[in-house]
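Let me begin by presenting the structure, written as structure tokens, before commenting on it.
The values are calculated or read from the model by the stated rules, or taken from the named source; none is laboratory data. Everything quoted here is computed from the prediction, not taken from an experiment. Virtual Cβ from ideal backbone geometry, glycine too; neighbours counted across all protein chains shown. Ligands, DNA and RNA are stripped out before the accessible areas are found, and what is left, the full protein with its side chains, is counted by its heavy atoms. Shrake-Rupley method; radii C 1.70, N 1.55, O 1.52, S 1.80 Å.
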Amino acid sequence: MVVMGRVVAPYGVFGWLKVLPDTEAIDGLFDYDTWWLGKGDDWREMVVETAKIHNDVIVVKLQGIDDRDAAFACKGKQIAVPRAQLPQPDENEYYWSDLIGLHVKNVQGVDLGVIDDILETGANDVLVVKGVPVKAEATADKDAAGKAEKEKAQQRLLPFIASVVLEVDLKAKTMLVDWDPDF
């Protein structure tokens, strides 16, 4: 499965859902007659009855979700499509869901953390890399220890451009970047 968006809210009283797509084009999900709705290990296939663009989201009516309560129960769930139904990405192109969870190291070998999210900014996509919290060594100066721990668990925003992202290895779940660890 490849996650292509998420349900952000119910829409109206007849079971419609507001979906924030993670697709390059806002109507990219319209190519699929069935979507998978769920999160974690709980997924179910849903037939799309009707879908349309509404401002910057998609509003959709899925078969079997017929009232506001059923729609509200879907809030926060993800929308996915089986990978086999998606086109193969070109060289050096990736589905965002394949990048989420990759371990990021810079060319000096510093572990910067794990990709937690990706933001679309218009000019280029931005990787949200969350540092892995590392316990500070025991020290008499608790302020220094707290600061050191906070610095190790920081969040970094890295532009997803060729001069920064040097190598992506999906099989090893790693990414090599040219990025200063102090940024």
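A few notes on this one:
- Index of the failed condition, E151 passing every other in (1) part of a loop (DSSP other than H, G, I, E, B); (2) under 20 Å from G109 (Cβ atoms); (3) at pLDDT below 85: (1)
- Residue in the range 62-72 that is within 28 Å of T121 (Cβ to Cβ) and either touching a helix residue (DSSP H, G or I) at 6+ places or on another chain (Cβ under 7 Å) or open to solvent by less than 30 Å² (accessible area, probe 1.4 Å) (or both) present: no
- Taken together, the residues in the range 5-22 that are touching an Asp or Glu at 6+ places or on another chain (Cβ under 9 Å) and either part of a strand (DSSP E or B) or surrounded by 14 or more Cβ atoms within 10 Å (Cβ to Cβ) (or both) amount to 7.
- Hey, W96 at pLDDT below 95 and open to solvent by less than 80 Å² (accessible area, probe 1.4 Å) or not: yes
- Qualifying residue in the range 156-172 (condition: at pLDDT 90 or above, among the acidic types (D, E) and not in a loop (DSSP other than H, G, I, E, B)): yes
- Contact map, the range 14-39: residues that are β-branched (V, I, T) paired with residues that are open to solvent by less than 30 Å² (accessible area, probe 1.4 Å) and not in a helix (DSSP H, G or I), Cβ distance under 6 Å, separation 6+ or inter-chain. Pairs shown: V19/G5; V19/V7; V19/I58; V19/V60; V19/I79; T23/M4.
- Qualifying residue in the range 46-68 (condition: touching a residue at least 60 places away in the same chain (Cβ under 8 Å) and either assigned to a strand (DSSP E or B) or in contact with a strand residue (DSSP E or B) (Cβ under 8 Å, 6 or more places away or on another chain) (or both)): no
- Restricting attention to the range 1-22, the residues being out of contact with any Lys or Arg (no Cβ under 9 Å at 6 or more places or on another chain) and over 21 Å from D66 (Cα atoms) number 2.
- Search result, residues across the range 96-114 that are outside any strand (DSSP E or B) and within 30 Å of P21 (Cβ to Cβ): W96, S97, D98, L99, I100, G101, L102
- Here A138 meets the list (1) assigned to a loop (DSSP other than H, G, I, E, B); (2) at pLDDT 55 or above almost entirely, failing just condition (2).
- Residue within the range 99-111 that is within 30 Å of D180 (Cα to Cα), touching a residue at least 12 places away in the same chain (Cβ under 8 Å) and loosely packed, with under 11 Cβ neighbours inside 10 Å present: yes
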